[in-house]
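The values are calculated or read from the model by the stated rules, or taken from the named source; none is laboratory data. Because the structure is predicted, anything quoted here is derived from the model rather than measured. Reconstructed Cβ throughout: ideal geometry from the backbone, glycine too, with neighbour counts over all protein chains shown. Accessible surface areas use protein heavy atoms only, side chains included; no ligands, DNA or RNA. Shrake-Rupley method; radii C 1.70, N 1.55, O 1.52, S 1.80 Å.
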Amino acid sequence: MARVTHNGRRPRGEDVGSAAPGGATGDQCRPRTAFVLSGGASLGALQVGMLRALFERGIGADLLVATSVGALNAAFIASRPQTVDTTDELTRVWRGLRREDVFPLNPRALLSGLSSRADHVIPDHGLRQLARRHLPLQLLEEAAIPLHLVAFDVVHGREVLLSRGPAIEAVLAAAALPGILPPVRWGTQRLIDGGVVNNTPISHAVALGAERVYVLPTHDGSGALERPPRGALEAATHALGLLTAGRLKDDIDRYADQVEVIVLPATNSQRIQLTDFGHASRLMSEALAATRRVLAATDARSLAA
């Protein structure tokens, strides 16, 4: 019988295995552990705080499964040791990130997209430059931690798991927001952001043999709002968050008898929007503090068991 836990809670007496840099572990009997990183644009900063809290306690991944902005964070982690120093480096990247670094507005591209002459409104050169600057991987299979990125093939209408091939192109494909960024050609396929169909790809982690899955979300799953959405963008992003949260709940229920799922807290007290890159420090700090509390509480319960 598998153990399904939420917000870091796991059955009493369960021990979290520790991993050395690169996913190696001194305890070969511990469950095979996957980190699943969801999409969420600017809210991907939350995952940096979660990762730091995990690495502080020696909790590492044997494999990484991610999509959208989670693919960028996962590729960064996969190419470096699983240490606090690595998360400190990623923290500096996020603190220096601005909207125009990821979504640079270009009047010509915007006009082409709006007039149906192109299938996107923002070129991907900003995201491509960001990936080239911070991801030393040439190929996905070179990653120190096995890295699997989820995209969607718009031609054949199916999810695609990218585990081999050019790393930069794979990251761009997994993060190609449909209608916003251009699809990425991958052989005969045209790939877009996998988050449109599977924003928290637990299913792929299970298929790859994970026994324990730490979910690093960007949405807390709550539909409650302090005020109604202001404008179309806020309304659309709130609806998207509800859809992805619903899929996550369904997947947790679906895999309840197969794996242990630990969902870390996506704390966003200020309800920062997906397109607002000006609050990364706040998001990282909140996620770090919340994840530390959750992990400390579960350790205390284990010792008391």
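As for the stretch 199-218, it holds no residue that is in a loop (DSSP other than H, G, I, E, B), at pLDDT below 90 and open to solvent by 30 Å² or more (accessible area, probe 1.4 Å). Residue 9 meets each of the listed conditions (1) surrounded by fewer than 24 Cβ atoms within 10 Å (Cβ to Cβ); (2) closer than 23 Å to residue 284 by Cα; (3) of a type outside the set (Phe, Trp, Tyr); (4) at pLDDT 95 or above apart from (4).
In the stretch 124-149, the residues that are over 13 Å from residue 170 (Cα atoms) form Cβ pairs under 9 Å with partners that are basic (Lys, Arg), at six or more places apart or across chains, as follows: 136/80; 144/80. The one condition from (1) open to solvent by less than 30 Å² (accessible area, probe 1.4 Å); (2) at pLDDT 90 or above; (3) touching a helix residue (DSSP H, G or I) at 6+ places or on another chain (Cβ under 7 Å) that residue 122 does not meet is (2).
Rundown of residues vs (1) surrounded by fewer than 24 Cβ atoms within 10 Å (Cβ to Cβ); (2) without any contact (Cβ under 8 Å) to a residue 40 or more places away in the chain, yes/no style:
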| position | (1), (2) |
| --- | --- |
| 46 | no, no |
| 50 | no, no |
| 61 | no, no |
| 66 | no, no |
| 69 | no, no |
| 76 | yes, no |
| 80 | yes, no |
| 85 | yes, yes |
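Apart from one condition, residue 295 fits all of (1) part of a loop (DSSP other than H, G, I, E, B); (2) more than 26 Å from residue 163 (Cα to Cα); (3) at pLDDT 80 or above; the exception is (1). Note on the stretch 138-175: residues that are assigned to a loop (DSSP other than H, G, I, E, B) and open to solvent by 20 Å² or more (accessible area, probe 1.4 Å) total 9.
Of all the numbered requirements in (1) over 25 Å from residue 162 (Cα atoms); (2) at pLDDT 95 or above, residue 115 misses one, and that requirement is (2).
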